[in-house]
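Since the structure comes first, as structure tokens, the remarks are kept for the end.
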């Protein structure tokens, strides 16, 4: 019901403000589309400014922090969103705002959210693990190139690679590089190159584009095919800001097709310069080694033991001769001493020998069996007499006893 007022009967401001609040309250929650102009997060609550997509119009909005956290992608200024909000009127200062109950990214934002979820799932499976990345060969026999027919990307890769290494060989497979057929044709071309066994590396190249154009290079089937490929794969999709999931699973990510050409083949001029520098370093190292060893040999040769090797031998020969002379004198002395000792012992033995007694004129009477006759009554008819130089056979004629005093 309209409020009836006149200059004579004006309505109080509080009444008008209350009526406005009641009208806004009856509007209820609505879905609306807008662009985020600013976001200010505070503990537990967030303050936003939403701008109309066409008209120069904006309105303040508030929501609990959990509302923004529940969004599929982080809400940032400039992002296009659809919100479910209830208009509210704050009577003390007459401020109209929106109480947001749900917020959803739209358009490119929603697409990025889907890609982010797919990226997280594939990362959880380990498809992006750096340990699984295959190293590129230093100089591949042949390079497989998957790109659009007569595209700028094909020209960039071929020209730059051949400029760096003129003898490089390419096996090109053309495929649709955008649209619904793109992922399938790229997988088919890549599979053909892998099965041929003639290429050592595969380059997938395209010259940039919008997120929608690059969407096939985030296809899960293509990502898994690259992950399972036995040949190293280089992703050269777009320019630096463009980052499809293919970049994460590929063994090497090149920022542009030109960068891919630089990564798959070495620069012949740099390699020649490197070889020349290595040869120069090796030559200097060998010459330095020879000089050092020659100097060492000169030092060794200047030492007395090597300058006059006979000096050491002569000195040792003198020592040996002196020792030999001392040994001979000592041996002669020992022999003479022992000879004297043996002579003394021999003289003693000879003095005690019965033969010495026999030589002084004594004789020994013996029975035929060799036993000694010591008494007269032991004398047989025949016996022997032992002299110093022989034996005498004796026959008894008579015996005479000699008395002893």
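The table that follows gives values for the structure above.
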{"item": "Test for residue 224: is it surrounded by 11 or more Cβ atoms within 10 Å (Cβ to Cβ) and touching a strand residue (DSSP E or B) at 6+ places or on another chain (Cβ under 7 Å)", "result": "no"}
{"item": "Subset of the stretch 384-405 that is touching a helix residue (DSSP H, G or I) at 6+ places or on another chain (Cβ under 7 Å) and part of a loop (DSSP other than H, G, I, E, B) - its residue that is modelled with the lowest pLDDT", "result": "388"}
{"item": "Residue check for residue 137: touching a residue at least 12 places away in the same chain (Cβ under 8 Å), closer than 13 Å to residue 265 by Cβ, loosely packed, with under 13 Cβ neighbours inside 10 Å and touching a helix residue (DSSP H, G or I) at 6+ places or on another chain (Cβ under 9 Å)", "result": "no"}
{"item": "Scope the stretch 372-382; condition closer than 26 Å to residue 403 by Cβ and either touching a strand residue (DSSP E or B) at 6+ places or on another chain (Cβ under 6 Å) or loosely packed, with under 11 Cβ neighbours inside 10 Å (or both); matching residues", "result": "372, 373, 374, 375, 376, 377, 381"}
{"item": "Candidate set: the stretch 56-67, residues that are free of Cβ contacts under 8 Å to residues at least 40 places away in the same chain and buried (at least 17 other Cβ atoms within 10 Å of the Cβ); chosen: the one nearest to the chain's Cα centre (by Cα)", "result": "67"}
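Every residue, every condition in (1) assigned to a strand (DSSP E or B); (2) surrounded by 15 or more Cβ atoms within 10 Å (Cβ to Cβ), yes or no:
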residue: 71; (1), (2): no, yes
residue: 74; (1), (2): no, no
residue: 83; (1), (2): yes, yes
residue: 92; (1), (2): no, no
residue: 117; (1), (2): no, no
residue: 131; (1), (2): no, no
residue: 150; (1), (2): no, no
residue: 156; (1), (2): no, yes
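The values are calculated or read from the model by the stated rules, or taken from the named source; none is laboratory data. Because the structure is a prediction, the values reported are computed rather than measured. Quick reminder, even Gly has a Cβ in these numbers, built from the backbone with ideal geometry, and neighbours come from all protein chains shown.
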